1. Give me P(r) over the chain, computed from all C-alpha to C-alpha distances, binned every 5 Å, as integer percentages.
2. Taking the convex hull of the Cα atoms, report for region 33-109 its projected area averaged over all directions, in nm².
3. Can you show me the helix-derived [θ] at 222 nm for the chain, built from DSSP H runs with n ≥ 4 at -39,500 (n - 2.57) apiece and divided by the number of residues, rounded to the nearest 500.
4. Give me the angle, in degrees from 0 to 90, between the Cα long axis of helix 63-95 and the longest principal axis of the Cα atoms of the chain, rounded to the nearest 10.
Amino acid sequence: MEVWMARGDDRRWPRRLYATGTEPDPRFTLANERTFLAWLRTALGLMAAGVGVAVLLPGHGSLLRITLALFLEMLGAVCGLTAFTRWLRVERALRQQKPLPSTGMIPVMGYTIGLAGLAGCSVIVAAVIQ
């Protein structure tokens, strides 16, 4: 591995990232990768919940149900899209031995999942009342 890296023949992607700085401790790189995968799992879970709300909850024309389903789908999409950006920023900071960047997604996810939970409670109460 070191032979092809010494020749500048590094085939890892994105090349611009791996061309900068020094190779960090693999434990930190792998921890960053695990965090990336956790964000992707969260995104998939949110999108699956959105599909479940849209398909499985009663009241097919309910505006609240449709809004909640779309909200969960969009939140999952945003989470998935920002996961790679976050991984890239952290990996770059590790390679350049700089402080890790903060993320705005943590409060966004916290508040929006809380709001989705409240909306889900409303959907459940509306289904019970009918």
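A short reminder: the numbers here are calculations on the coordinates, not readings from a lab. Note that the structure is predicted; figures quoted are calculated from it, not measured.
1. The distribution over the chain is 2, 10, 16, 16, 12, 10, 9, 7, 6, 5, 3, 2, 1, 0, 0, given as percents.
2. 5.3
3. Working: 5 runs with 98 residues, N = 130.
For the chain, the value works out to -26000 deg cm²/dmol.
4. Roughly 10 degrees between the two axes.
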